[in-house]
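Student: Below is the structure I would like to discuss, written out as structure tokens.
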Amino acid sequence: MKRVDELLADYAAYHRTRGNVICHFVGIPLIIFGIFSLLQLLRFGSTVGLPLTAAEIFIAIVSVYYFTLDAKLGGGMLVSSALLDAAAYAAGDWRIGLAAFIVGWVFQGIGHAVYEKRSPAFLKNLLHLLVGPIFLLNEAFHFRHVIPAKI
């Protein structure tokens, strides 16, 4: 089994209920948007007339990791990250990002407390903080077949 399949299977074991997955479809993009909004406060000049911020550097680093796991998921995450980064730039206010970040985590908490009735996967393995976004992308586009691990 490939590493990406193991990570997705382990993550899927903590996300078996539809309500929890729906909460994650709302919460994770809000969290990522919030992180990008906050990282845009750190500017390093400009490229092609646009500011280069810590958000773009973060996206580049994480994209390398995603591409090492799977090319389709890596490409999908690069596109979705660019869209969320552009939305954060357009919003232009770190307070909106902070609010989105907090609301996103509320959705995560509701998903696990109300629907899944178990702790989030990242409490077992911090790497799952990076797996969550590719899990959702895979759920949406079915790039890989995932069988939840037994826990």
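Only the coordinates and a few stated rules stand behind these numbers; no lab work does. Here the structure is a predicted model, which means the values were calculated and not measured. Note that we place each Cβ from the backbone using ideal geometry, even for glycine, and neighbour counts take in every protein chain shown.
Student: For TYR89 and VAL114, what is the calculated FRET efficiency with R₀ set at 41 Å and r taken between the beta-carbons, to the nearest 0.05? Could the numbers behind the result be given before it?
Tutor: Numbers: r = 33 Å, r/R0 = 0.82.
After rounding to 0.05, the efficiency reads 0.75.
Student: While we're here: Looking only at LEU84, LEU52, LEU30, which one moves most when the chain is put into a Gaussian network model with springs between Cα atoms under 10 Å?
Tutor: The residue with the greatest mean-square fluctuation here is LEU52.
Student: Identify all lysines with a Cα-Cα distance to LYS150 below 23 Å; exclude those on the same chain that are fewer than 8 residues away in sequence.
Tutor: LYS2, LYS117, LYS124
Student: Now, a different point. Can you tell me the mean projection area, over all orientations, of the convex hull of segment 3-141's alpha carbons? Units nm², please. Walk me through the numbers on the way to the answer.
Tutor: Values: hull surface 32.7 nm².
Result: 8.2 nm².
Student: Right, next: To the nearest 20 debye, what charge dipole does segment 3-141 have about its Cα centre, counting +1 at the Cβ of each Lys and Arg and -1 at the Cβ of each Asp and Glu? Don't skip to the answer; put the middle values down first.
Tutor: Values: 9 positive and 9 negative charges, 60 e Å.
Charge dipole, segment 3-141, about its Cα centre: 280 debye, nearest 20.
Student: Just want the ordering: TYR14, TYR89, from fewest to most Cβ atoms lying within 10 Å of their own Cβ. Don't skip to the end; give the middle numbers.
Tutor: Working: TYR14 23, TYR89 16.
With the fewest neighbours first, TYR14, TYR89 line up as TYR89, TYR14.
Student: Computed FRET efficiency, Cβ-Cβ of GLU139 and PHE44, R0 30 Å: what is it to the nearest 0.05?
Tutor: On the way: r = 34 Å, r/R0 = 1.14.
Result of the calculation: an efficiency of 0.30.
Student: Let me ask you something else. How would you classify segment 87-151 from its alpha-carbon gyration tensor, with a ≥ b ≥ c the square roots of the eigenvalues: rounded for a/c under 1.5, else prolate if a/b is greater than b/c, otherwise oblate? Intermediate results must be reported in sequence, preceding the final value.
Tutor: Details: a/c = 2.38, a/b = 1.50, b/c = 1.59.
Oblate is the answer for segment 87-151, as a/c is 1.5 or above yet b/c matches or exceeds a/b.
Student: What FRET efficiency, computed as 1/(1 + (r/R0)^6) with R0 = 25 Å and r the Cβ-Cβ distance, is obtained for ALA54 and PHE122, rounded to the nearest 0.05? Don't jump to the answer; show the numbers that get you there.
Tutor: On the way: r = 22 Å, r/R0 = 0.87.
Between ALA54 and PHE122 the formula returns 0.70.
Student: Which of GLU116, GLU139 comes first, and how do the rest follow, when ranked by fewest Cβ neighbours within 10 Å? Each step should come with its number before you reach the end.
Tutor: Details: GLU116 20, GLU139 16.
With the fewest neighbours first, GLU116, GLU139 line up as GLU139, GLU116.
Student: Considering the dipole of the chain built from charges on the beta carbon (Lys and Arg +1, Asp and Glu -1) around the Cα centre, which of GLY74, LEU98, VAL21 is farthest to its positive end?
Tutor: Checking the options against the dipole of the chain, the answer is VAL21.
Student: Tally Lys/Arg at +1 and Asp/Glu at -1 over every other residue whose Cβ is under 13 Å from the Cβ of ARG16; what's the total? It would help to have the intermediate numbers written out before the result.
Tutor: On the way: positive: ARG18, LYS117, ARG118, LYS150; negative: ASP10, GLU116, GLU139.
That sum, taken over residues with Cβ under 13 Å, equals +1.
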